[in-house]
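The structure appears right after this line, and notes come after that.
The values are calculated or read from the model by the stated rules, or taken from the named source; none is laboratory data. Because the structure is a prediction, the values reported are computed rather than measured. FYI the Cβ positions are ideal-geometry reconstructions off the backbone, even for glycines, and counts take in every protein chain you see. These accessible areas exclude ligands, DNA and RNA; they are computed on the full protein's heavy atoms, side chains included. Shrake-Rupley method; radii C 1.70, N 1.55, O 1.52, S 1.80 Å.
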Amino acid sequence: MKIKTFFFILLICTVSCIKAQMPDSVKLVLDSSISLLQQYALHAKTTNWPVVKQIAYAKAENAKTWNELDSSIAYLFQSVNDHHGWLSAGDAELRWHIKTEFRFSEAVKNEMAKGNRFVKKILTGNIGYLRVPGMMVDTSQYNKKAQQLMDSLFSLEKSGAAKIIIDLRLNGGGTMFPMIAGLSPLLGNGKFIGGANSEGVVESMSVLENGKFCSEDGGAAKVVNSCRQLSPKTTVVILTSNLTGSAGECVAVAFKGRKNTRFIGETTAGFTIGNNGHWIIKGKAGIVIAESAIVDRNKNIYYYNVQPDEMIWGGDNFDDYLQDKKIQAAIRWFSKH
């Protein structure tokens, strides 16, 4: 008993010494990161915090700068199973780099190298094809990007499209607001996506109404809808790949539970977790934490990824769309619906 007591006291002294050796700003960032993760992280309640804190401080023993907290911060994010969040402090961006095997076809890699862009085409018959790229834009660009997407949809309608393929295969994320607002003619009005906590309790649902998509935390994008034929009743196929991630997955989830809708392709990247940011030092250091899991209109929760209805790995062809295996599957499904 005396040995255990001595060891515990020694451990406390060791942690205290480690903390004391750190510059104040480094100590503040580490202490605050632990506190905020413990308070807000999606899986915080299942984390053994006494042990995690001990190891995190040990890993930061020699840290004199924010950059040198890398192994400690990575460990903290790993402890709460958060591979979507990060710490930003000065020029340091620290996160847990989870080793996940992604399977990207050569066609996907080559097309991604050409950069993000809208692509719209009329395929066989009355099928319209629309690629929705990732959108890494600030709030001042939300409405502009949303309108560009909506205008692309309207262009397909003017060209005679009555069925739509929404291609999210190259959508690695960014912000969901302009994407969902831009596709609002196909979704209509309602609550199609939200967030749930680790206990499965739905805590919020974002609202799409008359072309305006907004959330409780203030994010919003709005379009002027010109479409008259394309509507929530339009038959739609959503294409996904192993690269479809984050906000791209949010767009996919917004269509889950929609009638006349088919998901074809690969499982998505697995960033179906809602992030929230917290300042530690205003304007200098902050932490982004995965705090909720995505929920669809029927309150189904997506803790891991989005699964297609019809799994097709590879077979992508962005040079000859009619030779693309996923598009071929979409055309076959359209022929029966």
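Among the residues of the stretch 268-288, those that are at pLDDT below 95, outside any loop (DSSP other than H, G, I, E, B) and surrounded by 15 or more Cβ atoms within 10 Å (Cβ to Cβ) comprise 273, 274, 275, 276. Of all residues in the stretch 250-267, those being assigned to a strand (DSSP E or B) and either free of Cβ contacts under 8 Å to residues at least 12 places away in the same chain or not charged (D, E, K, R) (or both) number 4. Could you go through the stretch 201-210 and let me know if any residue there is farther than 22 Å from residue 274 by Cα, at pLDDT 95 or above, over 16 Å from the mean Cα position of the chain (by Cα) and surrounded by fewer than 22 Cβ atoms within 10 Å (Cβ to Cβ). Scanning the stretch 201-210 turns up at least one residue that is farther than 22 Å from residue 274 by Cα, at pLDDT 95 or above, over 16 Å from the mean Cα position of the chain (by Cα) and surrounded by fewer than 22 Cβ atoms within 10 Å (Cβ to Cβ). Here's a check for you: in the stretch 77-98, which residue that is among the acidic types (Asp, Glu) and without any contact (Cβ under 8 Å) to a residue 60 or more places away in the chain is least open to solvent (accessible area, probe 1.4 Å)? Of everything passing the filter in the stretch 77-98, 93 is least open to solvent (accessible area, probe 1.4 Å). Highlighted here are the strands (runs of 3 or more DSSP E) found entirely within the stretch 53-147 that include at least 3 residues which are farther than 27 Å from residue 324 by Cα: 86-89, 92-94. Within the stretch 231-267, the set of residues being in contact with a Leu (Cβ under 8 Å, 6 or more places away or on another chain), under 19 Å from residue 112 (Cβ atoms) and open to solvent by 20 Å² or more (accessible area, probe 1.4 Å) comprises 243 only. Regarding residue 134, is this residue touching a strand residue (DSSP E or B) at 6+ places or on another chain (Cβ under 6 Å) and either surrounded by fewer than 24 Cβ atoms within 10 Å (Cβ to Cβ) or not hydrophobic (A, V, I, L, M, F, W, C) (or both)? The answer is yes for residue 134. Close Cβ contacts (under 6 Å, 6 or more residues apart or on different chains) running from residues in the stretch 146-163 that are buried (at least 16 other Cβ atoms within 10 Å of the Cβ) to residues that are among the aliphatic types (A, V, I, L, M) and in a helix (DSSP H, G or I) comprise 146/181. When 177, 192 are screened for being open to solvent by 10 Å² or more (accessible area, probe 1.4 Å), part of a strand (DSSP E or B), under 30 Å from residue 105 (Cβ atoms) and touching a residue at least 24 places away in the same chain (Cβ under 8 Å), only 192 passes.
Residue 204 meets the conditions (1) farther than 22 Å from residue 116 by Cβ; (2) touching a Leu at 6+ places or on another chain (Cβ under 9 Å); (3) not in a loop (DSSP other than H, G, I, E, B) in every case but one. The failed one is (2).
Search the stretch 109-156 for residues being among the β-branched types (Val, Ile, Thr) and within 19 Å of the chain's Cα centre (by Cα), and hand back the single one that is farthest from residue 243 (Cα to Cα). Looking at the filtered set, the residue picked out is 139. For the condition within 14 Å of the chain's Cα centre (by Cα) and of a type in the set (D, E, K, R), what is the one hit in 249, 216? The conditions single out 249.
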